[in-house]
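The values are calculated or read from the model by the stated rules, or taken from the named source; none is laboratory data. The model shown is predicted, which means the values in this text are computed figures rather than measured ones. Cβ: placed from backbone, ideal geometry, glycine included. Neighbour counts: every protein chain shown. Note: areas computed on protein heavy atoms with side chains; ligands, DNA, RNA excluded. Shrake-Rupley method; radii C 1.70, N 1.55, O 1.52, S 1.80 Å.
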Amino acid sequence: MPFENAVLLHRPTQSSQWWRSAVIYQIYPRSYASAGVGTQPGVGDLPGITQRLDHIAELGADAIWLSPFYVSPQKDGGYDVSNYRDVDPLFGTLADADALLTKAKELGLKVIVDLVPNHTSDQHQWFQDALAAGIGSAERERYIFRPGTGENGELPPNDWESIFGSIAWTRVCDRADAPGSAWENDPSWYLHLFDSSQPDLNWEHPEVREEFHDILRFWLSRGVAGFRVDVAHGLVKDPTLPNWQFHWKMVDGGSASASDVPPPPMWNLEGVHEIYREWRKVLDEFDTERILVAEAWVSPERGIAKYVRADEMNQSFNFDFLCCEWEPTALREVISKSLAAMDQVGAPTTWVLSNHDVVRAASRMGLSKTGKGPNGIRSFEEQPNQPLALRRAKAAHALMLALPGSAYIYQGEELGLPEHTMLPDSVRQDPAFFRTQQAEAGRDGCRVPLPWEANAPGFGFSPTGDTWLPQPLFWEDLAIDRQLNDPNSHLSWYRHMLQLRKRLQLAEGGLLDVTGFADLAGFGLAYVNQSSYGEVVVATTFTEPTVISSKWQVLFSSADLITTSGGLEVPADTTVWLK
Ligand code: NOJ
């Protein structure tokens, strides 16, 4: 193709390593499907997932990532684990987990599970032992207990804030379970970067390290393909626990790492990498290739690349891409810098647009700020322009899935599911809602149970029709059974896109930046993906439509194109794949 002097951003890769090009579908177990075996009607369970796994195989994904299903008081949707080696009765049993793994294998899907190493639940045996054993005990060494400051220790040990809002320390004697307990007069404080029910572990302690090696082996022996590592950038803290007056939000790697902010003493410290190098060795004890995926809200991209050096993890979510404004200059920079940073360490870029922690892209992109978005949306806050959001989200997905590397999709994205922005506060469960004194909606709006059947109660989510969060009535039209029967549905479109991505081998391709080149100058972004299939142009419009000449064959498009006398018009906010 005549794109002389185009900048080569990335060379094609040929690899037998499945994860380098995989599409990985995130399941949030509470909200995927319920078979009615769990202890709470309306909460999804593992047998529900197993029954409905063919949906994901037929979509064309290569793997699933399951958010936590371990024993947990569910103070933070399961990210507060009290037993890492068993399944919470809410979700079923260990036998159900094994059955899920077996079914996934039959369907050719790999299974990645979540690992939560930064903190345990306060109901974990270790923490209960630590509370009971008292000040100065060996049991307390596994967590981060400290005396308070102020005249009588009435002030927290430092000024750190919890990600979920408010201070990151709780005084033992202030706990709700203190009255009448052995610790009712205990003045010490413990650190929790998240909720007070999620005490941070002390990763300097050898027992903590050994325990997690063992947990890795436990799940690897059961056949999981790897782990998504929760808060991968948070495990190691500066041992002096210095004050740091800034607030770091989960989705905030960017702003809190701005140059005028001193490096945070709790995030992204060098010491975390040694932990992952040890984990790599544990994974390598197993015959087939297993992977580690970092959830590290770290920016810029050079930072996340460190997590995926050859002797550490395999993938690291590209949150800069997720947080980027829907705007060509910024996106172009994120794309080129991400590919360059990952190429330096020989890792694939891991694209992502949504997950269970952020406002869904299919709504976020219709807000006045299209980037990282607010922490949830309430009925009286700015409402997304929904058609615009969906249109942009489709364009963003068609761009993402034509870029080289691996991509994660969050359950419901294949349906074009929007955020639930009208949830009544009375049903909210996210600790962020409570810890911010209801200033932030929190993440419940992206966690609403999936609609499976248009005409069933609860849209077929559970046998009783119960759903742990209410679904909007208009989701009837988005239900999977209805979309399956409609060749023009979002789901049909998405399936087609994933099939084509595979057929054209776009994930393995090299990438040339041809933005602004003649012929494609009307697009805000334009790339040539060079794979063994051939060359495919991937081009996106933003605010302005453009017309393409008849020399182009349109392989795929995120919106209907319009035939005009001058040629085919690609409307605004559209991605096309051309040949
Ligand atoms: C990141 C998880 O994705 C989020 O849901 C959770 O609340 C925090 N880590 C704490 O585990």
- Item | Wholly within region 537-579, strands (runs of 3 or more DSSP E) carrying at least 2 residues that are open to solvent by less than 70 Å² (accessible area, probe 1.4 Å) and either of a type in the set (A, V, I, L, M) or under 20 Å from THR329 (Cβ atoms) (or both) | 546-548, 554-557, 567-570, 575-578
- Note on the structure: Those residues of region 111-139 which are closer than 16 Å to SER67 by Cβ and away from the ligand (no atom under 16 Å from the Cβ) amount to VAL111
- Item | Members of region 355-389 found to be aliphatic (A, V, I, L, M), in a loop (DSSP other than H, G, I, E, B) and open to solvent by 10 Å² or more (accessible area, probe 1.4 Å), listed by number | LEU367
- Could you grab me the full set of residues in region 195-229 that are within 16 Å of the ligand (Cβ to nearest atom), open to solvent by 10 Å² or more (accessible area, probe 1.4 Å) and in contact with a strand residue (DSSP E or B) (Cβ under 8 Å, 6 or more places away or on another chain)? SER196
- Message: Here is a list: VAL43, VAL37, VAL71. Which entry is of a type in the set (A, V, I, L, M), open to solvent by 10 Å² or more (accessible area, probe 1.4 Å) and either touching a His at 6+ places or on another chain (Cβ under 7 Å) or closer than 30 Å to ARG435 by Cα (or both)?
- Response: VAL71
- Task: Could you check, for region 390-403, whether at least one of its residues is surrounded by fewer than 17 Cβ atoms within 10 Å (Cβ to Cβ) and either within 16 Å of the ligand (Cβ to nearest atom) or in contact (Cβ under 8 Å) with a residue 12 or more places away in the chain (or both)?
- Result: no
- Find the residue count for region 154-169, including only residues that are open to solvent by 10 Å² or more (accessible area, probe 1.4 Å), within 16 Å of the ligand (Cβ to nearest atom) and touching a strand residue (DSSP E or B) at 6+ places or on another chain (Cβ under 7 Å). 1
- Item | Within region 333-346, tally of residues that are small (Gly, Ala, Ser) and either open to solvent by less than 10 Å² (accessible area, probe 1.4 Å) or free of Cβ contacts under 8 Å to residues at least 24 places away in the same chain (or both) | 1
- Item | region 338-363, residues that are among the charged types (D, E, K, R) and over 26 Å from MET422 (Cβ atoms) | ASP343
- Query: Based on what the data block shows, is HIS496 over 23 Å from the mean Cα position of the chain (by Cα), touching a residue at least 24 places away in the same chain (Cβ under 8 Å) and under 28 Å from LEU403 (Cβ atoms)?
  - Reply: yes
- Query: Has region 405-419 got at least one residue that is among the hydroxyl-bearing types (Ser, Thr, Tyr) and either part of a helix (DSSP H, G or I) or within 16 Å of the ligand (Cβ to nearest atom) (or both)?
  - Reply: yes
- Item | Wholly within region 265-338, helices (runs of 4 or more DSSP H) carrying at least 2 residues that are small (Gly, Ala, Ser) | 301-305
- Message: Please determine whether any residue of region 484-496 is in contact with a Phe, Trp or Tyr (Cβ under 7 Å, 6 or more places away or on another chain), in a loop (DSSP other than H, G, I, E, B) and surrounded by fewer than 21 Cβ atoms within 10 Å (Cβ to Cβ).
- Response: no
- Message: Just checking, does region 429-452 include any residue being outside any loop (DSSP other than H, G, I, E, B), in contact (Cβ under 8 Å) with a residue 24 or more places away in the chain and more than 16 Å from the ligand (Cβ to nearest atom)?
- Response: no
- Note on the structure: Expected output for region 116-127 (first residue touching a residue at least 60 places away in the same chain (Cβ under 8 Å), partner polar (S, T, N, Q) and within 10 Å of the ligand (Cβ to nearest atom), Cβ below 6 Å, 6+ apart or cross-chain) is HIS119/GLN198
- Kindly provide the set of residues from region 270-328 that are surrounded by 24 or more Cβ atoms within 10 Å (Cβ to Cβ), in contact with a strand residue (DSSP E or B) (Cβ under 6 Å, 6 or more places away or on another chain) and within 30 Å of GLU544 (Cβ to Cβ), ordered by number. ASN318, LEU322
